[in-house]
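Just below is one structure, and these are the notes that go with it.
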Amino acid sequence: MAEPEIYCPLCAWRPLGSSRWLCSRRMGGCGTQWNTFWTGGVCPGCGYRWEITACLACRKFSLHRDWYHWPEPQTQGEQQEQELETSSH
């Protein structure tokens, strides 16, 4: 199964491996900083599952699940074409 592309659904910013989010104490969190996409939005410090994620570029909130952009399924013809290209290399 293909991996999703991860980017902000509002501005298309793509987080880096070094990007960090805060389990905000103002919102009831524990203060842990981590990359939310490594854990699917679950804080490793307190186990809270964040349903929303702030974009570090546009500063707007979106549902965490909306950051995951899955590739469109291939048609049978596209899949055969890709297999032919792969086998010819």
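The values are calculated or read from the model by the stated rules, or taken from the named source; none is laboratory data. Please read all numbers here as calculations on a predicted model, not as lab measurements. Cβ placement follows ideal geometry from the backbone for every residue including glycine, while neighbour counts extend to all protein chains displayed.
Quick one: Tyr48 ticks every box in (1) surrounded by 14 or more Cβ atoms within 10 Å (Cβ to Cβ); (2) farther than 19 Å from Arg65 by Cβ bar one, so which box is it?
Result: Tyr48 fails condition (2) only.
If a residue must be out of contact with any helix residue (DSSP H, G or I) (no Cβ under 9 Å at 6 or more places or on another chain) and surrounded by 11 or more Cβ atoms within 10 Å (Cβ to Cβ), how many such residues does the range 11-22 contain?
5
I'd like the full set of residues that are in a loop (DSSP other than H, G, I, E, B) and either touching a residue at least 40 places away in the same chain (Cβ under 8 Å) or of a type in the set (Lys, Arg) (or both), limited to the range 1-53.
Taking the range 1-53 and keeping what is in a loop (DSSP other than H, G, I, E, B), we get 1-4, 7-20, 23-24, 28-32, 35, 39-41, 43-48, 50-51.
Answer for the range 1-53, where residues must be in a loop (DSSP other than H, G, I, E, B) and either touching a residue at least 40 places away in the same chain (Cβ under 8 Å) or of a type in the set (Lys, Arg) (or both): Ala2, Pro4, Tyr7, Cys8, Pro9, Leu10, Cys11, Trp13, Arg14, Pro15, Arg20.
Condition (residue is charged (D, E, K, R), loosely packed, with under 11 Cβ neighbours inside 10 Å and at pLDDT 95 or above) applied to the range 52-65: is it met by at least one residue? Walk me through how you get there before you give the answer.
We begin by selecting, within the range 52-65, every residue charged (D, E, K, R); these are 59-60, 65.
Retained after the next criterion (residues that are loosely packed, with under 11 Cβ neighbours inside 10 Å): 59.
If we keep only those that are at pLDDT 95 or above too, we end up with 59.
Scanning the range 52-65 turns up at least one residue that is charged (D, E, K, R), loosely packed, with under 11 Cβ neighbours inside 10 Å and at pLDDT 95 or above.
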